[in-house]
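Notes to accompany the following structure.
The values are calculated or read from the model by the stated rules, or taken from the named source; none is laboratory data. Computed from a predicted structure; not experimentally measured. Cβ coordinates were reconstructed from backbone atoms using ideal geometry, including for glycine residues, and neighbour counts include every protein chain displayed. Note: areas computed on protein heavy atoms with side chains; ligands, DNA, RNA excluded. Shrake-Rupley method; radii C 1.70, N 1.55, O 1.52, S 1.80 Å.
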Amino acid sequence: MVKTIDYKELKGEFVLVDVRSPGEYEDATIPGAVNVPLLDNEERKVVGTVYVQESVDKAKKIGLEFVSKKLPYLYDRFRKLEKEHKNLVFFCARGGFRSSSIAALMDSLGINTFRLRGGYKSYRKIVNEELPILNEGITYVVLHGNTGVGKTKILKELYEKGYDVLDLENAANHRGSLLGSVGLGKPRSQKQFESIVYDTLRRRKSDIVFIEGESRRIGNIVIPSCIWDKMEEGIHILVKASLDFRAELILEEYMKKENAKEEILLSLELLRRYMSEENSKRYIQMALDEDYRELSKQLMVKYYDPLYAASDKKYDYKHIVYVEDIEQAAENIESWIKEKQVFKAKHE
């Protein structure tokens, strides 16, 4: 009989195996899960249509016909995963037919198998219930500053130094600006964003977490109220850098990516309503000519900086960092928090 396990009980050597379709997996999954779909997107659509319009039994039969052709491949794939991770934990949408049937079959073939009780739905319930609780005791150290000052890179340096970091832009796969998706591919869904945030906070080592100041929205993602409110209450640091430094960083992060020109041009089309037609045409021509350094400077001066100034809440900044080098900026912040005994104060 297949062993069933709750998400909270998972420990030791295991890998989560999402047997849902690629489309379901792409929309949202449990962080770290491997997708080994029993049905592809089109097959799932066919089975779902029969399930709704005809009968459950007929839908199951069609599903079995689809899956049966793949069984040799699936067995090899699961056996390989077992060798790498020792235990396989299968899940589908609700812990129903897909995960239970394949788990039972693989168990009968000698593979170390578990089924996740309640499937992805039960995991989402845990995220919704526990994220506010995980967030309660945290003090966020929030980095603010204009576009291009290097806040995200500073966070990465602090993470490398062993500090807890919640990178919201990475969780969203979007930089939170007009050109925020250039070079990054498809932004993540709200559900996947929340799962990554939950997983990050669950694994933190302390209650001091570094984070970047954001607007409430990052692309189409909305920062949960519990985290947004805690950010507002946090320790605020202002990061500054020269226009040349910022332009170089923008050039590296946005404009040297594959297919950058096409994505920049699409974004600039969206910018038309925010500025004069003359400026809009000039920026589009710069993109066509690949004069990205000047384009980035112009966008910061004419668009990003005024937008930031209008939205800046003028926090009580406890520290100001002038960036000429990312590593030195991270060291500056590290020295400051040690000098001010931020960690000690928050644990007394």
Q. Can E258 be described as surrounded by fewer than 18 Cβ atoms within 10 Å (Cβ to Cβ), closer than 30 Å to Y322 by Cα and at pLDDT below 85?
A. no
(Q) Given (1) open to solvent by less than 20 Å² (accessible area, probe 1.4 Å); (2) of a type in the set (V, I, T); (3) in contact (Cβ under 8 Å) with a residue 60 or more places away in the chain, identify the lone condition not met by I126. (A) (1)
Q) With the range 228-306 as the region, which helices (runs of 4 or more DSSP H) entirely inside it contain at least 1 residues that are within 21 Å of L168 (Cα to Cα) and among the charged types (D, E, K, R)? A) 243-253
Q: Return yes when L271 is in contact with a Phe, Trp or Tyr (Cβ under 6 Å, 6 or more places away or on another chain) and in the same structural domain as R216 (by the TED database) and no when it is not.
A: no
Q) Can you tell me how many residues in the range 81-97 are among the hydrophobic types (A, V, I, L, M, F, W, C) and assigned to a loop (DSSP other than H, G, I, E, B)? A) 2
Q: Taking A33 as the residue in question, decide whether it is in contact (Cβ under 8 Å) with a residue 24 or more places away in the chain and of a type in the set (G, A, S).
A: yes
Q) All but one of (1) among the β-branched types (V, I, T); (2) surrounded by 14 or more Cβ atoms within 10 Å (Cβ to Cβ); (3) closer than 21 Å to V141 by Cα hold for I320; which doesn't? A) (2)
(Q) So, in the range 135-150, how many residues would count as being within 25 Å of E248 (Cβ to Cβ), open to solvent by 20 Å² or more (accessible area, probe 1.4 Å) and touching a strand residue (DSSP E or B) at 6+ places or on another chain (Cβ under 9 Å)? (A) 1
Q: Kindly establish whether S225 is open to solvent by 30 Å² or more (accessible area, probe 1.4 Å), within 23 Å of I333 (Cα to Cα) and at pLDDT 80 or above.
A: no
